[in-house]
Amino acid sequence: MSERKIRVLVAKPGLDGHDRGAKVVARALRDAGMEVIYTGLRQTPEMIVEAALQEDVDVIGLSILSGAHMALVPRILELMQAHDLADVKLILGGIVPDEDITALQRMGVSGIFGPGSDTQAIVEHIRKVVPLE
Amino acid sequence: MSETPTLPPIVAAIRESRRALARLLTRIENNAAAADLAALYPHGGKAHLIGVTGAPGTGKSSLVNSMAKAYRAEGKTVSILAVDPTSPFSGGAVLGDRIRMRDLHGDAGVFIRSMATRGNLGGIARTTADMIRALDAAAFDVILIETVGAGQSEVEIASAAHTTLVVEAPGLGDDVQAIKAGILEIADILVVNKADNPGVESTLRALRAMLDLGHRAERIMHHGQLMSVPAAAVVGEDEAWQTPIVQTVATNGTGIGGLLAKIAEHRAYLRESGVQTLRERASLNAEISERLRELLLARLIERVGVARLQALIERAILREIDPSSAAALLLAEGVQE
Ligand SMILES: Nc1nc2c(ncn2[C@@H]2O[C@H](COP(=O)(O)OP(=O)(O)OP(=O)(O)O)[C@@H](O)[C@H]2O)c(=O)[nH]1
Ligand SMILES: [Mg+2]
């Protein structure tokens, strides 16, 4: 019998530059035994939620460096609600000012990881919030 | 979509809801969908299954992307199953094929699913076949299956398809990749992608030489046995399918129209020659036999007890009994009880 695997969508919304950080996280999650669906740069909220639905992921991981999190995250959460994906956990990596952190958590973001976060912390967070059986 | 009132609930659900389909696919991957698979099997069999396989980086995902766009332009619905290897070290995987398929987003007539090979019971080929059955019952017209053509299991996955494309690209080294991997035999159509890159001519030459040497084989039932026989022996020398070579540039759509035309030709050939029925019979024979073997083994072990099996293993270690006699003994004991 094949065991259940945690599936994570790693996406890079917005128009900003590189996806080095997102790739590092993707590899760390793979090395922790998870299945990572990597979608690359310049993802719109619609693309992210559509992919999350088709791939039936447990977690959506966003990498946002542009500072556009207060615009992108509410839109993604709204689309997740609309597509019956409210039980999917949303985590966020990037530069998020302290005053936004509380607001994002209140909206329903499950974890926020600043630049230079230990990837092991992300792995542990996901293992904690995703129930396996 | 569901005109028939007698549709089983699972079939109605996956035709109406993408979420239901996605969840079913997860259950199949987790080997927890036997009842669903039994219910949906009678409602499949209409989709055209196209395998796309080849060495890493040859442009399979890009090709799948442009093929899907072309099928959508014909009004056909398309689903894509993109299979990538699981890391043997961690059991995890990074599945990146969607990166090349972003043109397809926002279209309700397209469904993309990425899948890792895992260490599935009964092999990845069977899980993939079950995933394809679910997509088939969900009533997609075309199902595209991308696999990295590197090993035996990928070859097996690809051979679940009606039409198998083997993708090559120039400039990936001196050898044509398919020759190394031994997957040329399963190609119904050879695609030379990246035809905009230098070195196309030598790739074409190498492939033509290979095709001249090789003989297409069909896996069919012969005297009740699954056999690989020359295609010409099945359908006659003149009627046998001649593997064509098609050049494409997946990134800008060049050659995709011609490729789809060849795929349609191959589909017509499969039907008119009767080869499709022969292949189906052979693959069902293989699958039923394999499942039967497993059931019989499980039943027998249950009857004689695991301890009895272990005892015989211990005796084999001491060279008191050989493995073959041990198996015969277990069978005799199991059947007798
Ligand atoms: N020049 C050129 N580049 C191409 C063509 N098709 C694909 N590529 C490029 O080749 C690279 C690999 O393409 P993919 O479609 O990801 O190839 P793949 O075979 O799916 O790769 P894996 O899934 O990793 O095995 C990408 O950078 C593509 O943009 C083509 O026809 N011409
Ligand atoms: Mg690919």
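Kindly check whether there is at least one residue in segment B:49-62 that is within 14 Å of chain A (Cβ to nearest Cβ), under 24 Å from A:Leu41 (Cβ atoms) and of a type outside the set (Lys, Arg).
First pass over segment B:49-62, keeping only residues within 14 Å of chain A (Cβ to nearest Cβ): B:61-62.
Still in the list and also under 24 Å from A:Leu41 (Cβ atoms): B:61-62.
In the following step, the residues that additionally are of a type outside the set (Lys, Arg) were identified as B:61-62.
Yes, segment B:49-62 has at least one match.
Which residue, of B:Ala82, B:Ala125, is farther than 18 Å from B:Ser66 by Cα and either within 16 Å of ligand 2 (Cβ to nearest atom) or in the same structural domain as B:Arg18 (by TED's automatic domain parsing) (or both)? Quick ask: steps written out before the conclusion?
On the way: B:Ala82 fails: farther than 18 Å from B:Ser66 by Cα.
The match here is B:Ala125.
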- Out of B:Ala250, B:Ala327, sole residue that is open to solvent by less than 40 Å² (accessible area, probe 1.4 Å) and touching a helix residue (DSSP H, G or I) at 6+ places or on another chain (Cβ under 9 Å): B:Ala250
- Task: Could you check B:Thr243 against (1) under 19 Å from the mean Cα position of the chain (by Cα); (2) part of a loop (DSSP other than H, G, I, E, B); (3) modelled with pLDDT under 90 and say which number it fails?
- Result: (3)
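Just give me the residues in segment A:35-55 being more than 7 Å from chain B (Cβ to nearest Cβ) and open to solvent by 10 Å² or more (accessible area, probe 1.4 Å), in sequence order. Steps first, answer last, please.
Going through segment A:35-55, the residues more than 7 Å from chain B (Cβ to nearest Cβ) turn out to be A:41-45, A:48-49, A:52.
Matches in segment A:35-55: A:Leu41, A:Arg42, A:Gln43, A:Thr44, A:Pro45.
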- Give the residue that is modelled with the lowest pLDDT, with candidates limited to residues of segment B:87-98 that are within 8 Å of chain A (Cβ to nearest Cβ) and within 22 Å of the chain's Cα centre (by Cα). B:Ser87
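Search segment B:171-189 for residues being at pLDDT 80 or above and open to solvent by less than 10 Å² (accessible area, probe 1.4 Å), and hand back the single one that is farthest from ligand 1 (Cβ to nearest atom).
Pass one, segment B:171-189, residues at pLDDT 80 or above: B:186-189.
Still in the list and also open to solvent by less than 10 Å² (accessible area, probe 1.4 Å): B:187-189.
Working: B:Ala187: 15, B:Asp188: 18, B:Ile189: 16 Å.
Per the stated criteria, the residue is B:Asp188.
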- Item | Filter result for the condition that a residue is without any contact (Cβ under 8 Å) to a residue 24 or more places away in the chain and within 14 Å of chain B (Cβ to nearest Cβ), over A:Asp58, A:Asp31, A:Asp19 | A:Asp31
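Filter segment A:67-93 for residues that are within 19 Å of A:Tyr38 (Cα to Cα) and free of Cβ contacts under 8 Å to residues at least 60 places away in the same chain and give the result.
Looking only at segment A:67-93, we keep the residues that are within 19 Å of A:Tyr38 (Cα to Cα), and these are A:72-73, A:76, A:80, A:85, A:88-93.
Matches in segment A:67-93: A:Leu72, A:Val73, A:Met80, A:Leu85, A:Val88, A:Lys89, A:Leu90, A:Ile91, A:Leu92.
Here are some residues: B:Ala316, B:Ala307. Which one is open to solvent by less than 60 Å² (accessible area, probe 1.4 Å) and part of a helix (DSSP H, G or I)?
So the residue among B:Ala316, B:Ala307 that is open to solvent by less than 60 Å² (accessible area, probe 1.4 Å) and part of a helix (DSSP H, G or I) is B:Ala316.
Residues are listed down the side, and each one gets a yes or a no for (1) within 13 Å of chain B (Cβ to nearest Cβ); (2) open to solvent by less than 30 Å² (accessible area, probe 1.4 Å); (3) β-branched (Val, Ile, Thr):
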| position | (1), (2), (3) |
| --- | --- |
| A:Ser66 | no, no, no |
| A:His69 | no, yes, no |
| A:Pro74 | no, no, no |
| A:Leu85 | yes, yes, no |
| A:Leu104 | no, yes, no |
| A:Gly116 | no, no, no |
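Determine whether B:Ile50 is β-branched (Val, Ile, Thr), within 29 Å of A:Val24 (Cβ to Cβ) and either within 13 Å of ligand 2 (Cβ to nearest atom) or in the same structural domain as B:Glu185 (by TED's automatic domain parsing) (or both). Talk me through it step by step, then tell me what you get.
On the way: β-branched (Val, Ile, Thr): yes; within 29 Å of A:Val24 (Cβ to Cβ): no; either within 13 Å of ligand 2 (Cβ to nearest atom) or in the same structural domain as B:Glu185 (by TED's automatic domain parsing) (or both): yes.
No: the conditions fail for B:Ile50.
The values are calculated or read from the model by the stated rules, or taken from the named source; none is laboratory data. These numbers come from a predicted model, not from an experiment. Glycine gets a Cβ as well: all are built from the backbone with ideal geometry, and neighbour counts include every protein chain shown. With ligands, DNA and RNA removed, areas are computed over all heavy atoms of the protein, side chains included. Shrake-Rupley method; radii C 1.70, N 1.55, O 1.52, S 1.80 Å.
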